[in-house]
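Every number here is computed from the coordinates shown, using simple stated rules; none is lab data. Just so it is clear, the structure is predicted and the values come from calculations on it, not from any experiment. Don't worry about glycine lacking a Cβ; one is built from the backbone with ideal geometry, like all the others, and counts go over all protein chains shown.
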Amino acid sequence: MTDPGSRPPAADLSSPIPAVVRSAISRPSPLGDAFHVFDTTLRDGAQREGISYSVADKLAVATLLDELGVGFIEGGWPGAMPKDTEFFARALRGGELDLRSAQLVAFGATRKAGVRVQDDPQVRALLDSGAPVVTLVAKSDVRHVERALRTTREENLAMVADTVRYLTDHGRRVFLDCEHFFDGYHADRDYGVRVAAAAADAGADVIVLCDTNGGMLPMGLGRIVAEVGERTGLRLGIHCQDDTGCAVANTVAAVEAGATHVQCTANGYGERAGNADLFAVVGNLVTKLDRPVLPEGGLADMLRVSHAIAELANIAPDTHQAYVGASAFSHKAGLHASAIKVDPELYNHLDPTRVGNAQHILITEMAGRASVELKARELGIDLTERPAVVGRIVDEVKRREAAGWSYEAADASFELLIRDELQRGTGQAPSAGGRPFRLESYRVIVESDLFAAGPSEPPVVNSEATVKVHVGGRRIIATAEGNGPVNALDSALRAAVVEQFPELDDVELTDYKVRILAGNAGTDSITRVLVTSADQGPSGPKEWTTVGVHANVVEASWQALVDALLYALPGGDAGAETGAAGTGNVSGHQDAPLAGARAGSR
Ligand SMILES: CC(=O)SCCNC(=O)CCNC(=O)[C@H](O)C(C)(C)COP(=O)(O)OP(=O)(O)OC[C@H]1O[C@@H](n2cnc3c(N)ncnc32)[C@H](O)[C@@H]1OP(=O)(O)O
Ligand SMILES: CC(=O)C(=O)O
């Protein structure tokens with residue numbers, strides 16, 4: 001903030017409104033002014049522990065919010081933080097932000113007690129930001145006036161009125177955030193209303209009632225909003241923190257009580273427990289209360305915008321977030337799937353595609369026949385006329401899950417299991433059928449060489465794997481080194497099959513997770529390995545996950561690795577290993593059938 005000792009000269013009230021402000025104000029919102037979706041991701045959202053946006057991040061977040069179609073984007077507090085001052089300078093005067101319809105808002109406080117508004121550098125910085133709209137935070141709870149501001153009730157009213165008038169006289173649109181309004185209302189039901197009236201008289205357009213400590217519940221909050229609306233006749237907005245987990249519900253209750261301006265943040269980011277989640281608020285308003293608060297296409301863009309902002313905030317998206325979480329429309333229970341098979345609406349509160357999301361069926365021990373049928377359809381395989389196959393898959397999934405397998409996060413292994421069972425349905429055991437490659441044996445050596453390291457250095461550990469596989473009618477023995485046994489096995493297996501299947505060269509192992517499960521008879525533990533792989537498929541980048549389970553971590557890893565490569569092979573059975581040249585009698589999961597039998601899913 002500017003040093004108060006070197007205050008800038010008082011603003012000249014006769015000076016024209018800067019062009020950036022004029023042009024932004026004159027741009028009409030496609031939805032009109034009757035209802036405001038006001039986003040504060042870049043101000044209150046940035047107050048979340050762990051978030052620190054660069055100016056470039058802020059510009060990118062603002063662009064995403066504008067694409068979504070919010071009406072107002074509160075960009076930060078110019079003058080309080082150099083980064084926020086720079087953001088407004090670059091966005092507005094530097095022309096780096098080309099907003100389609102949203103208006104940029106600067107946030108700040110009323111003038112300080114005992115200071116003339118034109119002499120307050122913080123207020124001056126709000127004007128200098130060039131933002132066409134300013135949100136002022138004001139104390140509306142007498143306890144805060146007397147104890148935090150250490151001033152009188154009358155001086156606080158003057159601070160509000162002076163600052164609002166000063167900004168409106170300079171052509172800014174002003175919204176007033178009445179901090180601690182609800183707590184203040186309980187202590188003194190008149191003072192907050194006087195603050196609101198002082199601001200409105202001075203030209204504030206919207207009086208935003210703030211549940212700053214986030215302690216309210218929807219019914220009580222809705223009652224106060226309705227009462228204040230009746231008592232004042234003013235246009236009211238709502239700003240809810242999430243300390244009771246009710247920020248979204250409180251916001252919706254306020255709208256039902258008459259508020260026509262909602263303040264929210266993307267993904268609910270905000271101080272402490274956060275703020276009202278923009279996507280849940282908007283999702284509820286549009287789909288439950290039939291209020292078209294986003295322009296055409298905005299609702300369906302919510303998932304994309306939510307995840308893109310999470311990426312910029314460097315916070316993993318909440319998979320269980322309402323409307324936009326990856327699991328928001330995922331169904332695990334078999335009974336749910338059986339009803340969904342009849343009609344997806346029976347177990348979805350709305351069509352997920354309306355918000356850019358998708359329904360997913362999860363395959364676990366809780367799956368039933370309908371789950372398997374629907375999941376197969378999701379993977380591009382029609383099992384409608386194959387009840388026996390479906391039954392076998394359900395049994396196999398339950399058996400394997402009881403033994404420690406988990407298909408929930410390993411769609412690719414599940415798809416291979418379906419193919420396995422489809423092949424069995426032809427009367428051909430998978431182990432005898434065609435497959436791209438077939439394992440005879442593998443061996444891994446891990447050697448710790450104490451002499452290769454320096455005296456106080458950790459030992460050098462070398463891993464070497466040899467695999468014997470049958471591929472394209474040939475028996476191939478390949479050896480490779482790696483930085484660990486799994487890496488060595490992966491390299492040896494690829495070396496053995498890559499000549500026949502050069503496309504496997506592009507497959508990358510991107511993640512490897514090991515989980516130790518409780519032992520069967522309370523003795524041995526079981527290891528579950530999940531391997532995530534990726535490649536640049538013909539239709540763009542693709543990622544898939546496979547699973548392996550065994551008491552031995554190397555064997556569990558091997559199973560997951562083999563599935564990963566089988567899954568990567570394109571359709572068709574070219575080069576399929578018929579088994580004729582095979583000498584080994586390999587059984588178990590690694591003996592998966594022809595991956596190429598998968599129809600059109602890759
Ligand atoms: C409810 C909310 O979330 S509001 C948003 C809050 N956001 C932030 O605080 C983030 C940015 N904040 C900052 O960078 C700093 O706190 C600043 C620049 C605003 C102020 O820093 P400092 O000048 O060092 O003061 P400090 O934070 O210690 O105290 C704030 C001063 O503002 C006064 N103040 C607090 N609220 C208001 C208000 N609504 N109107 C006018 N003055 C206020 C306080 O009384 C105190 O005055 P004092 O200096 O005379 O004691
Ligand atoms: C303004 C604000 O962020 C609050 O009152 O919580």
Q: Normalise the Cα radius of gyration of the range 264-329 by 2.2 N^0.38 Å (N = residues in it) and let me know the number.
A: 1.07
Q: Please turn the phi angles of the range 389-403 into ³J(HN,Hα) values with the Karplus equation 6.51 cos²θ - 1.76 cosθ + 1.60 (θ = phi - 60°), one per residue in order, whole Hz, x for glycine and proline.
A: 4, 4, x, 5, 5, 4, 4, 5, 4, 5, 5, 5, 5, 5, 8
Q | DSSP bridge orientation in the chain - percent antiparallel, rounded to nearest 5 | A | 55
**Q.** Kirkwood-Stokes translational diffusion coefficient of the range 255-294, alpha-carbon pairs, 37 °C, 0.692 mPa s, µm²/s
**A.** 309
Q: Please give the net charge around LEU68, taking every other residue with its beta carbon less than 11 angstrom from that of LEU68, where Lys and Arg add +1 and Asp and Glu add -1.
A: -2
Q.
For VAL461, what residues show an amide H to amide H distance below 5 Å, using hydrogens built from the backbone and excluding near sequence neighbours?
A. ASP449
**Q.** Qualifying lysines (Cα of each under 23 Å from Cα of LYS83; at least 8 residues distant if same chain)
**A.** LYS58, LYS112
Q | For the range 114-265, alpha-carbon Rg over 2.2 N^0.38 Å | A | 1.00
Q) Taking H as built 1.01 Å from N, whose amide H comes closer than 5 Å to the amide H of LEU517, not counting residues under 5 places away? A) ILE526, THR527, ARG528
Q. List the lysines whose alpha-carbon lies under 27 Å from that of LYS341, not counting same-chain residues fewer than 8 positions away?
A. LYS288, LYS332, LYS375, LYS398
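Percentage of Cα-Cα pair distances in the chain greater than 31 Å, rounded to whole percent?
Tail of P(r) above 31 Å: 60 percent of Cα pairs.
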Q: Provide the per-residue ³J(HN,Hα) series for the range 330-335, in order, calculated from phi with Karplus coefficients 6.51, -1.76, 1.60 and θ = phi - 60°, each as a whole number of Hz, with x at glycine and proline positions.
A: 9, 10, 9, 6, x, 5
Q: Tabulate in residue order the Karplus-calculated ³J(HN,Hα) for the range 287-298, using 6.51 cos²θ - 1.76 cosθ + 1.60 with θ = phi - 60°, rounded to whole Hz; enter x for Gly and Pro.
A: 8, 9, 9, 6, 10, x, 8, 10, x, 2, x, x
Q. Taking N as the number of residues in the range 157-225, what value does Rg over Cα atoms divided by 2.2 N^0.38 Å take?
A. 1.16
Q.
Out of all Cα-Cα pairs in the range 200-350, roughly what percent, to the nearest whole number, are more than 18 Å apart?
A. 62
Q: Determine, for TYR512, TYR442, TYR269, the number of other Cβ atoms within 10 Å of each Cβ, and report the residues in order from fewest to most.
A: TYR512, TYR442, TYR269
Q | Equivalent ellipsoid semi-axes - Cα gyration tensor, the range 330-402, angstrom | A | 22, 13, 10
**Q.** Ranked packing of 336-342, 489-495, most packed first, by mean Cβ within 10 Å
**A.** 489-495, 336-342
(Q) More than 18 angstrom separation, counting every C-alpha pair in the range 67-146; what % is that? (A) 45
**Q.** Sum of side-chain charges, PHE107 neighbourhood, beta-carbon under 9 Å (Lys, Arg +1; Asp, Glu -1)
**A.** -3
Q: With label points built 7 Å along Cα→Cβ from the Cα atoms of GLU311 and ARG147, find their separation and express it in nm.
A: 4.6
**Q.** Along principal axes, Cα extents of the range 19-138, largest first, whole Å
**A.** 42, 35, 27
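As an exercise, use a Förster radius of 30 Å and the Cβ-Cβ distance of SER456 and THR510 to find the FRET efficiency, rounded to the nearest 0.05.
It comes out at approximately 0.30.
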Q. In what order do SER533, SER463 fall by count of nearby beta-carbon atoms within 10 Å, going from fewest to most?
A. SER463, SER533
Q. Exposure proxy check: SER330, SER539 ranked by fewest other beta carbons within 10 Å?
A. SER539, SER330
Q) Taking H as built 1.01 Å from N, whose amide H comes closer than 5 Å to the amide H of LEU234, not counting residues under 5 places away? A) none
Q) In nm, to one decimal, how far is the THR479 label point from the ARG304 one, both placed 7 Å along Cα→Cβ? A) 5.3
Q: Work out, in µm²/s and without decimals, the Stokes-Einstein translational diffusion coefficient of the range 34-313 at 20 °C, 1.002 mPa s, Rh from Kirkwood over C-alpha pairs.
A: 116
